[in-house]
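The values are calculated or read from the model by the stated rules, or taken from the named source; none is laboratory data. Owing to the predicted nature of the structure, the values given are computational and were not obtained by experimental measurement. Ideal geometry is used to build each Cβ from the backbone, glycine not excepted, and the neighbour counts take in all protein chains shown. With ligands, DNA and RNA removed, areas are computed over all heavy atoms of the protein, side chains included. Shrake-Rupley method; radii C 1.70, N 1.55, O 1.52, S 1.80 Å.
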Amino acid sequence: MAKMEVKSSLLDNMIGVGDMVLLEPLNEETFIDNLKKRFDHNEIYTYIGSVVISMNPYRSLPIYSPEKLSPPHLFSCSFALSDEAYRSLRDQDKDQCILITGESGAGKTEASKLVMSYVAAVCGKGAEVNEVKEQLLQSNPVLEAFGNAKTVRNDNSSRFGKYMDIEFDFKGDPLGGVISNYLLEKSRVVKQPRGERNFHVFYQLLSGASEELLHKLKLERDFSRYNYLSLDSAKVNGVDDAANFRTVRNAMQIVGFMDHETEAVLEVVAAVLKLGNIEFKPESRMNGLDESKIKDKNELKEICELTSIDQLVLERAFSFRTVEAKQEKVSTTLNVAQAYYARDALAKNLYSRLFSWLVNRINESIKAQTKVRKKVMGVLDIYGFEIFEENSFEQFIINYCNEKLQQIFIELTLKEEQEEYIREDIEWTHIDYFNNAVICELIENNTNGILAMLDEECLRPGTVTDDTFLEKLNQVCATHQHFESRMSKCSRFLNDTTLPHSCFRIQHYAGKVLYQVEGFVDKNNDLLYRDLSQAMWKAGHALIKSLFPEGNPVKVNLKRPPTAGSQFKASVATLMKNLQTKNPNYIRCIKPNDKKAAHIFNESLVCHQIRYLGLLENVRVRRAGYAFRQAYEPCLERYKMLCKQTWPHWKGPARSGVEILFNELEIPTEEYSFGRSKIFIRNPRTLFQLEDLRKQRLEDLATLIQKIYRGWKCRTHFLLMKKSQVVIAAWCRRYAQQKRYQQIKSSTLVVQSYIRGWKVSLSTGFMYVGTWARRELKRLKEEARRKHAVAVIWAYWLGLKVRREYRKFFRANAGKKIYEFTLQRIVQKYFLEMKNKMPSLSPIDKNWPSRPYLFLDSTHKELKRIFHLWRCKKYRDQFTDQQKLIYEEKLEASELFKDKKALYPSSVGQPFQGAYLEINKNPKYKKLKDAIEEKIIIAEVVNKINRANGKSTSRIFLLTNNNLLLADQKSGQIKSEVPLVDVTKVSMSSQNDGFFAVHLKEGSEAASKGDFLFSSDHLIEMATKLYRTTLSQTNQKLNIEISDEFLVQFRQDKVCVKFIQGNQKNGSVPTCKRKNNRLLEVAVP
């Protein structure tokens, strides 16, 4: 059901066409346009029936989170495909295989990781199950470290083919697994193309191993020390080799490697690295033949110590070759070229056999421990079809494997289609397709195949070369329609300038590939001299000894070992036989561009991959019968609203509902067929017509739902308004009645009071006098108010007249005077407050009163500056001339070394004394004092570094106004005298050490023995005084170079002085060591 839900979701909110089977019209241009449209909207997965096309986005997308693993959320087609395969295996007891193909950089390795992650996530839980899942997942980092490398097309390219069988029990829980590897690209060990790297493990070991481990393996962290490592791409952006090394060590521990096994593996890797540093030189023998000798035996000695091999045995194996025939043994010397071949052959065999041992060791750990019947899911991650500018034996073998995979892909796809038609009782129609069996036959035929002829040529006695192999191909394969060679008997290729004489071309299913025949015979032979095998078997290293069982003298086998081609052919045949017993699932990986960048879609590159993957042909095979098929239940659920009889609920069988639905829609009967559990639709147009009708019907249903909802909403609102109106009306009537009652009550009280007053006036006569008195009082009060009002009006009138007369004077001057007066008072107050708040006279005191008013901001800042300058002057006036000179030197030292030299902070608090030896007072140096007539600025004992071995000698360092002198500490005799005009530069490191170099002018008399390298405890003072003295005498600034790596001239050679961090045996004292003729290392704690 998971996959069916995903396929149904492809029709909802569809960007482009989610299943290429439904693409209309179908051609190469529309196919690419559909992929591009989906890629631009981050839709990287597209179906072709049950086949998944995966576009590499070169970035992380939010579609692989844990919540996406449950069936309703299987938005990733990789998860959906894995889910279908897993459920078929668990529920239907069908062995499955997932075939992941595509060219380098298309994302095959990442797709296989997603498949493994999904299987691990949906399986059962429990301690044992979790341990098995973790071991299966952690086998990936180990194999990637030893089998993957950075190439031009991919930063993590698999340089071997991997097939993993994951074994499950009847519940669907993993029991273990078995890994098979195919054709490791071992030639990469000794040579890498430009812009590519060796296998990851070499760089991870040198970057992530501890200093203790590197010392134990006799390695150094510098990549440039090893000839087998490419330096132009040693560092990869976004890749942390040190962190990956820790991940690999942890993964090996989880998989089940013991500590001594891990140590043994790393020792073999170190031995391979050091083999590349062995170099040979020619040496003539008495008989006139040339033999090879090892130039520097130190590397050989370290390799023998690592592997516990007798040095003499291994040295002889690199110089002699023993050939055995029945009872005879012939020993011949190896020239330089043959010695280098033997060295590289040993390195390649040692690494490839180590890789095979790793795979077998992982299989021992992850294999199922029980003997119950197991279900199997295979995951194949193998190299894709390769067409390079120069194609050799490796590409030929890889493309042969892809031909076989394409053959089984077409056969199994047709078989799956035919089985589904038979299962659903649908009539099967024959499908024409290109069968690439003729190409496979050309390569693998046991008598006339290219691999058979290559083996025959390798085993033939006499002179065997690549040209004789090509001549044989031209004789046997000249008439084959898929074979092209300019030297063949076929006349149509004689004038083909695109076909060189030393090449042949094969018309593969993916296109024509031109193969350079050079190297075919040697690479197929894959010879390792028996002397080297026997030397490896004699090793005291248990792992290395187990890798070379043929070296055992007791088990000497004079039979020639099988060739690389025949071994690979047998492995591919076994793989094909294995795949044909399983139900296939396909992921076709495509890379959108060669720049490994997101959001870039290269149409020509994608078109090339579509052609050689045969995707269009796959669509045509799928569409030859019925383009779309769907189970009755989801079909009826999706389209039931198109028929009144099935909407909204259908209570009968789903098939009957679909039949009624299609009859109601009047779809022609030739456009569909009813199977046992699915309906088959012949043309994509019919499906799109159903989708259009469904979309229109959904809009009508949405309109109906909106109408009913709006009616309900308005009716509910009306009833609420009606209820509110009744409540408001009741309260209004109540309020009106209460107000009317109050009015009637107050009117009644007034009438009552007047009636009572009238009654009283009738009974008493004196009421008239009281009335007259009240009226007279009222009149007097009114007269007093009028007089007061007249006085106030008159006063305001006089004021108005005065203001009118003096208005012009007031407006002109009063405002300005008030403003100036106010401002003067504010400033006066500001200065009085500042007087009481002044900070101390110390120049380093940064306190300053806060600003009281915003308009005084500039004044406040200027006053602060003036005060600071004044107190600095007061402070300087206290200095003597001697103190001023000392502070000037300290200031000069700050400008030269602050934030540049780690030693500088410790020199700040130390006074510059200059004359530390007191030559004038010490009678020991009387002779030295008499020889110097100038003023001595510096007299200090320094350590002069010996140019030959890096050891130090004590010398007296003297600086005068015009010269720099070196004298013997014991005798006081002057050893060297250098005019300051001949000093060009002083170099030192940025670290906490006292080493410095004095560079002299080339061609000068003083520079005859080269530059000087010193070590002093007063480096900062000496460099500062030398700089000031040179500037005063020559009017030129002396160049001070601060760098952790600089060059010095020792006689005729330039030597690099390199400062490194290291743990010192004698505490915190830096040490100097001459590494070679060009390198002097200073270890700083």
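Here are some notes:
- Compared with the alpha-carbon gap, the fully stretched path from Val1069 to Phe601 is longer by 162.6 nm at 0.36 nm per residue.
- Remark: the stretch 247-361 is approximated by an ellipsoid whose semi-axes, taken from the C-alpha gyration tensor as √(5λ), come to 33, 16, 11 Å, largest first.
- Computed over every Cα-Cα pair of the stretch 640-680 and binned at 5 Å starting from 0, the pair-distance distribution P(r) comes out as 5, 23, 33, 23, 14, 2 percent.
- Each residue of the stretch 839-968 gets 181 Å³ once the volume of the Cα convex hull is shared out per residue.
- Value of Rg to Rh for the stretch 842-883 (Rh from inverse mean 1/r over Cα pairs, i.e. Kirkwood): 1.15
- Cut-off 16 Å (backbone N to label point 7 Å along Cα→Cβ of Trp848), residues of the stretch 855-874: 855-873
- Contact order, relative form, for the stretch 520-640: 14 percent (alpha carbon pairs under 8 Å, 6 or more residues apart, mean separation divided by residue count).
- Across every direction, the projection of the convex hull enclosing the Cα atoms of the stretch 575-666 has a mean area of 11.1 nm².
- Helix-only arithmetic for the chain: the sum of -39500 (n - 2.57) across DSSP H runs with n ≥ 4, divided by the residue total, places the mean residue ellipticity at 222 nm at -16000 deg cm²/dmol.
- The alpha-carbon atoms of the chain define a convex hull whose volume equals 440 cubic angstrom per residue.
- All other residues whose Cβ lies under 13 angstrom from that of Leu451 are scored, Lys and Arg at +1 and Asp and Glu at -1, for a net of -2.
- Dipole magnitude of the stretch 182-306 about its Cα centre (Cβ charges: Lys, Arg +1; Asp, Glu -1), debye to nearest 20: 320
- Here the alpha carbons of the stretch 901-1053 define both size measures, Rg and Dmax, at 14.9, 42 Å.
- Segments 864-877, 1013-1026, 530-543, 1046-1059 sorted - mean Cβ within 10 Å per residue, highest first: 1013-1026, 530-543, 1046-1059, 864-877
- Which listed pairs, of Lys113/Lys678; Lys861/Lys1037; Lys759/Lys781; Lys404/Lys555; Lys596/Lys1058; Lys113/Lys577, have C-alpha distances above 29 Å, in listed order: Lys113/Lys678; Lys861/Lys1037; Lys759/Lys781; Lys404/Lys555; Lys596/Lys1058
- Distant alpha-carbon pairs in the stretch 808-898 (separation over 23 angstrom), percent: 51
- Using a cut-off of 31 Å between Cα atoms, the listed pairs Lys150/Lys900; Lys935/Lys1009; Lys218/Lys975; Lys94/Lys545 include Lys150/Lys900; Lys218/Lys975; Lys94/Lys545 as exceeding that distance.
- Among residues other than Cys732 with Cβ under 15 Å from its Cβ, the summed charge is +4 (Lys and Arg +1, Asp and Glu -1).
- With eigenvalues of the C-alpha gyration tensor scaled by 5 and rooted, the stretch 685-736, Å: 50, 5, 4
- A dipole drawn for the chain from +1 and -1 charges on Cβ atoms has a positive end, and of Leu720, Phe879, Gly815 the residue lying farthest that way is Gly815.
- Normalised contact order of the chain, rounded percent, pairs of Cα under 8 Å and 6 or more residues apart: 9
- Sorting 724-736, 35-47, 828-840, 97-109 by average packing, meaning the other beta carbons within 10 Å per residue, from highest down gives 97-109, 35-47, 828-840, 724-736.
- Spatial separation of Cα centroids for the stretch 916-935 and the stretch 312-346, in angstrom: 70
- Fully extending the segment from Asp857 to Thr479 would add 126.2 nm, taking 0.36 nm per residue of separation and subtracting the current Cα-Cα distance.
- Each of the peptides 247-254, 570-577, 750-757 was scored by the mean count of other Cβ atoms within 10 Å over its residues; in descending order, highest first, they stand as 247-254, 570-577, 750-757.
- Extents of the stretch 991-1070, largest first, come to 43, 30, 18 Å (Cα atoms, principal axes, whole angstrom).
- Projecting the Cα atoms of Ser954, Gly384, Val336 onto the charge dipole of the chain (Cβ charges, centred on the Cα centre) puts Ser954 farthest toward the positive pole.
- The shape of the stretch 668-807 can be summarised by an equivalent ellipsoid whose semi-axes, obtained from the alpha carbon gyration tensor, come to 96, 37, 6 Å from longest to shortest.
- Whole-percent carbon and sulfur share, accessible surface of the chain, 1.4 Å: 53
- Ranked from largest, the principal axis spans of the Cα set of the stretch 612-673 equal 49, 21, 16 Å.
- Antiparallel DSSP beta bridges within the chain, percent to nearest 5: 75
- Cβ charges +1 (Lys, Arg) and -1 (Asp, Glu), total dipole of the stretch 93-170, debye: 440
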